[in-house]
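Working notes, structure below.
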Ligand SMILES: [Zn+2]
């Protein structure tokens with residue numbers, strides 16, 4: 001048993017933070033047994049770790065990220081989506097046929113997730129089985145919580161980076177079969193997006209969703225051009241979202257994760273609600289290459305669930321705390337140009353990055369009794385002269401902090417050293 005003492009910040013609700021100044025978190029076997037402002041007498045003899053003025057936060061969730069794009073972050077940002085895919089992303093992703101390339105990138109990436117405090121993930125990979133399998137093993141070795149899957153593409157892709165339909169389905173089924181059943185790292189269907197997936201491929205994936213009861217992650221109405229192209233290629237369906245519903249991809253009980261959702265129609269909203277879908281807001285990526293802002297406040301009001309994603313390499317920075325700040329920033333831009341939209345505040349975006357993101361995993365995303373102690377110990381961000389409140393400290397960390405301000409990291413109650421884990425990843 002361990003007792004952590006410090007300034008605790010977690011979400012009380014979508015609108016409100018729960019802040020306990022100099023509070024105590026009792027952790028037993030990786031789970032939180034008690035959170036309070038005084039230490040109960042029965043715990044007085046247990047080991048106490050005093051984090052002093054530092055903040056104790058729940059670890060973050062990154063529900064949309066492309067693992068293979070880690071080396072290209074911050075490059076090609078003058079492009080819009082399709083030029084960025086053909087000019088930068090597809091050539092770069094094709095490198096993962098070389099397992100040594102994959103090993104070098106994925107080991108550094110997994111270390112960076114640990115450094116940045118993103119312990120709950122949903123990751124795209126590439127079409128290459130061995131590289132995808134390697135990433136899975138590294139995530140396991142690092143003790144992270146994740147969904148990941150082999151990317152499906154059988155058309156509208158370059159000759160050097162495309163699968164035949166049957167091959168794509170066969171590899172996907174093999175990946176699911178070999179990785180099903182783990183508690184922390186789970187397979188998920190990963191069709192890139194409707195334009196790169198033929199109807200027979202989508203139908204095949206729909207059968208796998210039902211057969212293995214797995215979820216799906218993809219991009220949905222991410223740009224006007226993408227939504228229009230999807231409709232042109234699937235004229236039999238009313239919208240992008242209906243393709244996934246009609247062809248059976250939402251039949252499994254696993255999570256349904258949709259990146260961007262910038263232009264949801266009534267059909268998409270119905271589908272998101274009916275299948276308990278989670279929309280992933282990626283503010284950096286939508287500013288960089290996608291050109292649109294998710295109507296997040298309006299979607300939230302309609303009862304739709306929103307999480308945050310770094311979407312590296314469309315996004316350029318891996319830390320989700322910065323996406324919390326960016327979500328608040330760009331919501332004000334949206335409100336300026338479209339005054340009917342409400343803005344998002346820091347507490348709202350923090351909730352998306354922890355509680356909503358955590359909802360697809362088992363008991364993560366809050367510092368509350370019964371939850372796993374997946375947590376970060378963060379500098380109080382105080383200026384020597386100008387003292388602020390604890391909610392200000394969280395805000396400042398999101399805006400100007402980085403991984404150097406994260407002093408300690410805990411997964412399942414155990415303290416993690418990213419560099420020590422990295423050494424082990426190289427041996428996977
Ligand atoms: Zn993406």
Fill in: the range 376-395 residues near the modelled residue 317 label - backbone nitrogen below 18 Å, point 7 Å along Cα→Cβ
378-382, 392-395
Worksheet entry | Added length on full extension, which subtracts the Cα-Cα distance from 0.36 nm per residue, residue 392 to residue 333 | 19.1 nm
Discussion item. Let me make sure I get this right: for the range 277-357, a, b and c are the square roots of the gyration tensor eigenvalues over alpha carbons, sorted descending. Under 1.5 in a/c it's rounded, otherwise prolate if a/b > b/c, else oblate. Which is it?
Written reply: oblate
Worksheet item: Rounded to the nearest 0.05, what FRET efficiency is calculated for residue 265 and residue 342 with R0 set to 22 Å and r the Cβ-Cβ distance?
Response: 0.60
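Please report the relative contact order for the chain, taking Cα pairs under 8 Å with a sequence separation of at least 6, and give it as a percent rounded to a whole number.
For the chain, the relative contact order is 21 percent.
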Worksheet entry | Inter-site label distance for residue 29 and residue 417 at 7 Å from Cα along Cβ, in nm | 2.8 nm
Worksheet, complete the sentence: In vacuo Debye sum over C-alpha of the range 133-178, base-10 log of normalised intensity I(q)/I(0) at q = 0.17, 0.19, 0.34 Å⁻¹, listed in q order, is -0.59, -0.68, -1.19
Fill in: Gain in span if fully extended, residue 427 to residue 155, counting 0.36 nm per residue against the direct Cα distance
94.3 nm
Discussion item. Can you sort 411, 290 from fewest to most other Cβ atoms within 10 Å of each residue's own Cβ?
Written reply: 411, 290
Worksheet, complete the sentence: Fewest to most Cβ atoms within 10 Å: 1, 65, 77, 381 sort as 1, 77, 381, 65
Worksheet, complete the sentence: Beyond 13 Å, the calculated P(r) of the range 81-126 holds a percent of Cα-Cα pairs equal to 65 percent
Worksheet entry | Two-decimal Rg/Rh across the chain, once Rg and the Kirkwood Rh are taken from alpha-carbon atoms | 0.97
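Report D for the range 135-276 in µm² per second (integer): Stokes-Einstein, Kirkwood Rh on Cα pairs, 37 °C, 0.692 mPa s.
214 µm²/s
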Item to complete: For the chain, with a Gaussian network of springs between Cα atoms less than 10 Å apart, report the residue from 261, 167, 377 with the top mean-square fluctuation.
Response: 167
Worksheet, complete the sentence: One finds, for residue 13 and residue 77 with R0 = 30 angstrom and r their Cβ-Cβ distance, a FRET efficiency to the nearest 0.05 of 0.25
Fill in: Angle between the chain longest axis and helix 224-233 axis [Cα atoms, degrees, rounded to 10]
40 degrees
Worksheet item: What residue among 228, 325, 375 has the largest mean-square fluctuation in a Gaussian network model of the chain, using Cα springs under 10 Å?
Response: 228
Worksheet entry | Percent of beta bridges antiparallel (DSSP, the chain, rounded to nearest 5) | 40 percent
Worksheet item: How far is helix 390-400 tilted, in degrees, relative to the longest principal axis of the Cα atoms in the chain, given as a value from 0 to 90 rounded to the nearest 10?
Response: 40 degrees
Worksheet entry | Estimated [θ] at 222 nm from DSSP helical runs (n ≥ 4, -39500 (n - 2.57)) normalised by residues in the chain, nearest 500 | -10000 deg cm²/dmol
Worksheet, complete the sentence: Taking alpha-carbon centroids only, the range 151-193 lies from the range 195-274 a number of Å equal to 15 Å
Practice prompt. Going by C-beta contacts inside 10 Å, put 177, 197 in order with the fewest on the left.
Written response: 177, 197
Discussion item. Assuming 0.36 nm per residue, please report the length gained on full extension of the stretch residue 21 to residue 37 beyond their Cα-Cα distance.
Written reply: 5.0 nm
Discussion item. Using a 7 Å offset from the Cα along the Cα-to-Cβ direction at both residue 53 and residue 253, what is the distance between the two label points in nm, to one decimal?
Written reply: 4.9 nm
Worksheet entry | On Cα atoms only, tilt of 199-212 relative to the major axis of the chain in degrees | 40 degrees
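Coordinate-derived values only; no laboratory data. The structure presented is a predicted model; accordingly, all values stated were derived computationally and were not measured. For neighbour counting, all protein chains shown are included, and Cβ atoms are generated from backbone atoms with ideal geometry for every residue, glycine included.
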